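This report refers to the structure that appears directly beneath it.
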Amino acid sequence: MSKKSMTKKLMLGKRNKQNRRIPVLAVLRTHRRLEYNYLKRSWRRKKLRIKG
């Protein structure tokens, strides 16, 4: 198992949070203006390009 630097860990945590789906309540409250998270990524196609 490789050791990650603190900056890489923080970046991975940040990206993980950005990858979450939008809550249903948020979609309903904004009358579907928010419907899709554009920061969501497909793990098959998009790889994380993290320098560090």
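The values are calculated or read from the model by the stated rules, or taken from the named source; none is laboratory data. Keep in mind the model is a prediction, meaning the values are calculated, not measured. Neighbour counts are summed over all protein chains in view; Cβ atoms, including those assigned to glycine, are modelled from backbone coordinates with ideal geometry. The protein model used for the area step is the full one, side chains on, heavy atoms only, and it has no ligands, DNA or RNA in it. Shrake-Rupley method; radii C 1.70, N 1.55, O 1.52, S 1.80 Å.
Please enumerate the residues belonging to region 26-52 that are open to solvent by less than 100 Å² (accessible area, probe 1.4 Å) and either in a helix (DSSP H, G or I) or more than 22 Å from S2 (Cα to Cα) (or both). Working first, answer last.
Step one: of region 26-52, the residues open to solvent by less than 100 Å² (accessible area, probe 1.4 Å) are 26-27, 30, 34, 37, 40-42, 48, 50, 52.
Within region 26-52, A26, V27, T30, L34, N37, K40, R41, S42 qualify.
Given the condition touching a helix residue (DSSP H, G or I) at 6+ places or on another chain (Cβ under 8 Å), free of Cβ contacts under 8 Å to residues at least 12 places away in the same chain and among the basic types (K, R), answer yes or no: does some residue in region 1-21 qualify?
Yes, because at least one residue in region 1-21 is touching a helix residue (DSSP H, G or I) at 6+ places or on another chain (Cβ under 8 Å), free of Cβ contacts under 8 Å to residues at least 12 places away in the same chain and among the basic types (K, R).
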